[in-house]
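S.K.: Structure in structure tokens, see below.
Read the figures in this text as sums done on the coordinates, not as results from a lab. Values in this document were obtained by computation on a predicted structure and should not be read as measured data. We place every Cβ from the backbone using ideal geometry, glycine too, and count neighbours over all the protein chains shown.
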Amino acid sequence: MTVIRISAFVLLALGLVTGLVTSSRADIAIGQVTDGPAGAVFVKIEAPPLGNPYGSTDSVGSDNFQSDNLFGFDEMQDITLNEPLSVDKLVNGQGSFEPGTLPTGTQLASHYIFFDSKAIRTVKGFVRFDQDILAVITSEDDLADSDFLGQPDVHYINTFLRGLEASDTITLTGPREITVSLTTATPGDYFRVVTAVPEPSTLVMASMFALLLAGAGRRRRRRCAMG
């Protein structure tokens, strides 16, 4: 009987995880400001809403935050490229960046990071993701070409003024972490980080294991109640 119950439970798990596999997410895990204006912190926005105090609702791109904080939000998830995508910083497999192109068929998720201070300020910190970083997009042209990865309910304004300057730096400090140094006032510094998405096999195994544990717990509770 035990074997029959577990087999049925596995079949149930396989049915339930189908939705998880087709909607796998990659998220900004954590961020921190390590140096900069007093009181500055990293803020992850669960967009939308953006909660921007200036400009049109849910807009980002031109003095619509005016904050010393470093911000980030997750964009499109589980996207498969149907053509190559040019990027400014491609992870080269040796722990550093180089210019390059993400090939057709790449599965990815996108994340937007920005610093939009009111006065000229410098902020330093790190942002960590829950999946491996594939590339960082920092130039005006490549940002525009990758805006199909943007959050659909967010308005990206003044896109011709986006990107980073020569004085801004982004360093790969781990497979899933970047360290940044950004100096800006108007209209702000904006860039996009592209990461991998969870492997479907990982999601299936994790979900099956959780469901099996839940089923085992219920069976133990029933036996204890009967005893």
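S.K.: What whole number of Å gives the distance from the Cα centroid of segment 40-76 to the Cα centroid of segment 94-117?
M.R.: If you average the Cα positions of each part, the centres end up 20 Å apart.
S.K.: Shifting gears a bit: Given the Cα-Cα distance of Ala185 and Glu140 and 0.36 nm per residue of separation, how much length would full extension add, in nm?
M.R.: 14.5 nm
S.K.: Next up: Can you give me the relative contact order of segment 47-90 as a percent, contacts being Cα pairs under 8 Å and 6 or more apart?
M.R.: Answer for segment 47-90 is 24 percent.
S.K.: Between Gln66 and Thr80, what is the label-to-label distance in nm when each label sits 7 Å out along the Cα-to-Cβ direction?
M.R.: Simple spin-label model gives 4.6 nm for this pair.
S.K.: Something else: Can you give me the relative contact order of segment 84-140 as a percent, contacts being Cα pairs under 8 Å and 6 or more apart?
M.R.: In percent, rounded to a whole number, it is 46.
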